[in-house]
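Colleague: Below: one structure in structure tokens.
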Amino acid sequence: MATHRPVILLVDDDPDFLDMNRHVLEAREYRVVCAPDPQSALAGMEEHQPDLIITDLMMEDLGSGFSFARRIKEHPRFSHVPIIIVTAASSRRGFDFRPNSPKELSAMYVDAYFDKPVSPDALVAKIEELLRNPTEKEPT
């Protein structure tokens, strides 16, 4: 009997970020689905049934990652799926969206937040934590 390999949906308009993280996650036995934008990700959600989503914050516009996360968390079928935002907004644009509490994470409709560049080990550790305890929300 085959064991379940969690599916991780990566959503980012940076093909290098998608490629690098796909390799990192596949090396750790995750199944990875990549999407270049929230619309493509949403279109494939039913087919791929992700166990966790990693998304950029700024894609088409400044808050597209937040809008995407909100749509997922408000969707009855996918509201339980943990979401991690990984963004370069702070370093590239000078915005500071970093959550300082579980309440701020919840207001962002996400379960974790990382600045780019993110350490692969730190990202994988958070993925493993969220997949074990999907309702636990701690800022990173």
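Every number here is computed from the coordinates shown, using simple stated rules; none is lab data. Nothing here was measured: the structure is a model prediction, and the numbers come from that model. A quick note on method: Cβ atoms are made from the backbone with ideal geometry, for glycine too, and the neighbour counts reach across all protein chains shown.
Colleague: Would you mind ranking T3, T55 so that the residue whose beta carbon has the fewest other beta carbons within 10 Å leads the list? Could you put the intermediate results ahead of the total?
Modeller: Values: T3 5, T55 25.
If I rank by nearby Cβ atoms, fewest first, I get T3, T55.
Colleague: Still on this structure: Using a simple spin-label model with points 7 Å from Cα along the Cα→Cβ vector, what separation in nm is obtained for D16 and L131?
Modeller: 2.7 nm
Colleague: Follow-up. Arrange E128, E29 by Cβ neighbour counts within 10 Å, fewest through most, would you?
Modeller: E29, E128
Colleague: Given the Cα-Cα distance of R71 and T3 and 0.36 nm per residue of separation, how much length would full extension add, in nm? Write down the numbers at each step before the final one.
Modeller: Details: separation 68, 0.36 × 68 = 24.48 nm, distance 2.97 nm.
Stretched fully, the R71-T3 segment lengthens by 21.5 nm.
Colleague: List the equivalent ellipsoid semi-axes of segment 38-91 in whole Å, largest first, each obtained as the square root of 5λ for an eigenvalue λ of the Cα gyration tensor. The partial results should precede the final answer.
Modeller: Values: eigenvalues 78, 24, 20 Å².
Semi-axes, largest first: 20, 11, 10 Å.
Colleague: While we're looking at this one, here's another question. Which ³J(HN,Hα) values, rounded to whole Hz and listed in residue order, are derived for segment 76-83 from phi using the Karplus coefficients 6.51, -1.76 and 1.60 in 6.51 cos²θ - 1.76 cosθ + 1.60 with θ = phi - 60°, glycine and proline given as x?
Modeller: Rounded to whole hertz, the list is x, 7, 10, 4, 7, 6, x, 10.
Colleague: Does the chain come out rounded, prolate or oblate by the C-alpha gyration tensor, with a ≥ b ≥ c the root eigenvalues, rounded set by a/c under 1.5 and, if not, prolate when a/b is larger than b/c and oblate if not?
Modeller: rounded
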